[in-house]
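Values quoted throughout were computed directly from the atomic coordinates according to the rules given, and no laboratory measurement underlies them. All values reported here derive from a predicted model rather than from experimental measurement. Because the Cβ atoms are built from the backbone with ideal geometry, glycine has one as well, and the counts that use them run over all protein chains shown.
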Amino acid sequence: MAVFALIPAAGMGKRMEASINKQYLLLDGMPILARTLEVFERSPLVDGIFVVIPADEIPFCSEQVVKRQGLTKVRSIVAGGAERQQSVLNGLRAMEGTAGDDDVVLIHDGVRPFVTEDILSRATAVARENDGALVAVPAKDTVKMVENGIITATPPRETLWLAQTPQAFRYGIIRAAHEVADAERFLGTDDAMLVERLGRQVRIVVGDYRNIKITTPEDMVLAEAFLKERQQ
């Protein structure tokens, strides 16, 4: 079974308050998206990469990220949609004819550059034997459910996990889940949710608290610290 990476990076990054989309911000001289793609380029598990970005950014991404960094595993750069879910579906449709139903797809945020080979390996192994794998970490803080400013419940912290990516599935399963959601005009919060609503079981793979999604200026500070620590 082959393994493919699907990297959605079509967001506008308004919370970053930067003059360019967050995936192209430089992290120690290299665009965040390039650092993320480099992890999958180096991974011996991954056979091919599909990147999803805004349509008008395809030439820039091709020249300044893929070609400049020598990313030979990138099979296609796909135009994204209005929502992340549509972007992922566009990417899955672009994989038709390349990915078989039992091949594993690792869906990973383009602005999570600190994912490790160990996480990719464990997520892939779980996805091969189950309906899906969700990388996540246990919640550190107590979580409150609130309505109109009033606490309505305090879920047991030991039952709460914070979802990360990659989220890994066999191609046939995740393609079907996205096509059903699209036909029913259902918008979920992540890919695992679409698989769950089909009655399938997604297993947790323990992630890493450093596997952050860079979305705010504060995240950039953390990212620079993590990168410096890794280099040392």
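Taking neighbour Cβ counts within 10 Å as the exposure measure, how do F226, F169 sort from fewest upward?
Ranking F226, F169 by Cβ neighbours within 10 Å, fewest first, gives F226, F169.
Putting +1 on Lys and Arg Cβ atoms and -1 on Asp and Glu Cβ atoms, find which of T159, G70, L26 reaches farthest to the positive end of the dipole of the chain.
The one lying farthest along the dipole's positive direction is L26.
If you rank L25, L89 by fewest surrounding Cβ atoms within 10 Å, what's the result?
L25, L89
Among the trypsin sites (Lys or Arg not before Pro) in segment 124-232, which ones are in a DSSP loop with at most 12 other Cβ atoms within 10 Å of the Cβ? Mind listing them?
K140, K144, R185
Work out the count of Lys pairs in the chain where the Cα-Cα distance is under 23 Å, with the pair 8 or more places apart or on different chains.
10
If you stretched the chain out fully between E83 and S121, how much longer would it get, using 0.36 nm times the residue separation minus the C-alpha to C-alpha distance?
Gain on extension, E83 to S121, equals 10.8 nm.
Tabulate in residue order the Karplus-calculated ³J(HN,Hα) for segment 24-36, using 6.51 cos²θ - 1.76 cosθ + 1.60 with θ = phi - 60°, rounded to whole Hz; enter x for Gly and Pro.
In residue order, the calculated couplings are 9, 4, 7, 10, 6, x, 10, x, 3, 4, 4, 5, 5 Hz.
How high is the relative contact order of the chain? Use alpha-carbon pairs under 8 Å, at least six apart in sequence, and give a whole percent.
23
Placing +1 at every Lys and Arg Cβ and -1 at every Asp and Glu Cβ, with all other atoms neutral, what dipole size does segment 3-231 have around its Cα centre, in debye to the nearest 20?
220
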